[in-house]
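One structure is given below, encoded as structure tokens.
The values are calculated or read from the model by the stated rules, or taken from the named source; none is laboratory data. None of the values given here were measured: they were computed from a predicted structure. Cβ placement follows ideal geometry from the backbone for every residue including glycine, while neighbour counts extend to all protein chains displayed.
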Amino acid sequence: MRLPAIALALTIGLGSSFAAQSTHTEWSRFRGPNGSGHATGGRYPTEFGTTKNLVWKLALPQGHSSPIVWNDRIYLTAYRGDALFTIAINRTDGKILWERQAPDTKTKIIDKRNNPASPSPALENGRVYTFFPDYGMLAYDDEGKELWQMPLGPFDNIYGMGASPVIVGDLLILACDQSLDSFLLAVDKRTGRQVWRTPRPEAKSGHATPIVWRGPDGRDQIILPGSFLLTGYDALTGKRLWWVRGLSFEIKSTPVVHGDTIYINGYGAPENDPGRKINVPPSDEVWPTIDADKNGVITKPEFPKYSAAFWFEVADLNMNGSLTRDEWEYYRAALDSENGMLAIRLGGTGDMTDKSVRWKYQRSVPQLPSPIIFEGVLYMVNDGGIVTTLNPETGEQIKQGRLTGALGAYYASPVAAGGHLYFASQRGAMAVLPPGGDLTPLVVNDLVEDIYATPAMVDGKIYVRTTEALYAFGM
């Protein structure tokens, strides 16, 4: 199976050399080429707003999915009440070309940072593939004709589902991490029929979208972080090839590749920071004393005060109001896991933890935004707005601080285009940074409206989805 040129470029390495390695300018999946956050080609504006460098503005229904771009089209998903929509937009003038409603279903919002239209579409020439957690997957041609549908779920992720589908050769790949029965799914993109489905029993909570890496044997691998593990799967068969331990019990960010190394951040809770670890005894030690009614499970009134009360909900994987011994052991493992940004050498066979972890950094680690490597510097911004720059080779901190003029929470991931970095805060401030690791913005553009979706950058245009509209900015 041939790897698309865009993914192959990512396996060689990103950073200052990326533009020279690929002339592909589409933004065909969440966070662009192989999830890297890097755009190619064109000059991009650094100053923009409701009047400056505005090409067009399109009012939209609600949704947190990112704009995804192919040729002259932009695709995204949205919802109105219980109705779920895939929308095609003309890139030139911002006019809606078509919208198609998914089959009737009941939608639900479990967490305000997530909603029924959070996963982003995946695109290729003449095809768009979408995933709605409350329904499943759908495929359309570029004129809006439905090609196939695949109902999935219901799911039991305590934050709602968030991973986006990705295309690998003839397969459409979807990560379905949830409280119980997590799995990685591959379907034939032409028919929607399942090709393989691999269980992920360790994965209990996460939103990470997979990336693609070509191994030394020439075969494509699906690289996916999850609770406690980063795992590499054979793309053709779904076979688990190698894994690395040491990740947080919750993984929501998409990793990035640079050279032979993958970088992934995971954050569970403050108790998972260094120096705050809580040691919880095994079930065999605590059950005789805390299972007061001797019914074999622990209810919330019986839950001991090792940690905050919310950990009961975290551990109650089947949400039935009681904890089994297995759920208690997950609770122990979750509290024992550590927040961190890890640099992991790709590939291998079996458990590669001792051989492949290059370094781990554990201060102000993001929960939601994904990292980016730009001009030889690793950047990450945590949910509270603290930006950290690191040397990707050593993990040594370069700088850490907040972006002046763009304070507040961050849910969108940073992106790079035209020699600059773009950070979008939840309250709608977009800070533009120079290369080199400096955290002093060149300019901060205030769009006023809230931003949860990661911007798309294509051919000198910046596409930003707010909670109210989709904006196109250009020179």
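Restricting attention to region 352-370 and to residues that are hydrophobic (A, V, I, L, M, F, W, C) and not in a strand (DSSP E or B), the residue that is surrounded by the most Cβ atoms within 10 Å (Cβ to Cβ) turns out to be VAL365. Of the set (1) on the phi < 0 side of the Ramachandran plot; (2) assigned to a loop (DSSP other than H, G, I, E, B), all apply to GLY153 but (1).
Checked against (1) over 20 Å from TYR263 (Cβ atoms); (2) at pLDDT 95 or above, PHE228 passes all but a single condition, namely (1). I want to confirm something. Restricting to region 439-453 and keeping residues that are under 22 Å from the mean Cα position of the chain (by Cα) and hydrophobic (A, V, I, L, M, F, W, C), which single residue is surrounded by the most Cβ atoms within 10 Å (Cβ to Cβ)? Ranking the candidates gives ALA453 first. When region 307-343 is filtered for residues that are in contact with a Leu (Cβ under 6 Å, 6 or more places away or on another chain) and either hydrophobic (A, V, I, L, M, F, W, C) or on the phi > 0 side of the Ramachandran plot (or both), the ones remaining, listed by number, are ALA315, LEU317.
Flag: ILE167 does not match the condition of being farther than 26 Å from GLU26 by Cβ, touching a residue at least 60 places away in the same chain (Cβ under 8 Å), of a type in the set (Val, Ile, Thr) and assigned by TED's automatic domain parsing to the domain that holds THR86.
Taking the conditions exactly as written (in a strand (DSSP E or B) and either farther than 30 Å from GLY275 by Cα or over 22 Å from the mean Cα position of the chain (by Cα) (or both)), does LYS399 satisfy them or not? Yes, satisfied. Among the strands (runs of 3 or more DSSP E) confined to region 410-475, the ones with at least 1 residues that are charged (D, E, K, R), modelled with pLDDT of 95 or more and in contact with a Gly (Cβ under 8 Å, 6 or more places away or on another chain) are located at 443-446, 461-465. Kindly indicate whether any position in region 371-383 is crowded, with 24+ Cβ neighbours inside 10 Å, out of contact with any helix residue (DSSP H, G or I) (no Cβ under 8 Å at 6 or more places or on another chain) and in a loop (DSSP other than H, G, I, E, B). Yes, region 371-383 has at least one match. Restricted to region 205-250, and to residues there that are of a type outside the set (Ser, Thr, Tyr) and closer than 15 Å to ASP336 by Cα, the residue that is surrounded by the fewest Cβ atoms within 10 Å (Cβ to Cβ) is ARG245. Within region 116-138, is there a residue that is assigned by TED's automatic domain parsing to the domain that holds ALA412, at pLDDT 95 or above, over 24 Å from ILE173 (Cβ atoms) and part of a loop (DSSP other than H, G, I, E, B)? For region 116-138, residues assigned by TED's automatic domain parsing to the domain that holds ALA412, at pLDDT 95 or above, over 24 Å from ILE173 (Cβ atoms) and part of a loop (DSSP other than H, G, I, E, B): absent. Beta carbons closer than 8 Å, at least 6 apart along the sequence or on distinct chains, pair a first residue in region 97-120 that is free of Cβ contacts under 8 Å to residues at least 60 places away in the same chain with a second that is surrounded by 14 or more Cβ atoms within 10 Å (Cβ to Cβ) and of a type in the set (D, E, K, R) for LEU97/ARG73; THR105/ASP134; LYS106/ASP134; THR107/ASP134; LYS108/ASP134; PRO116/ASP134.
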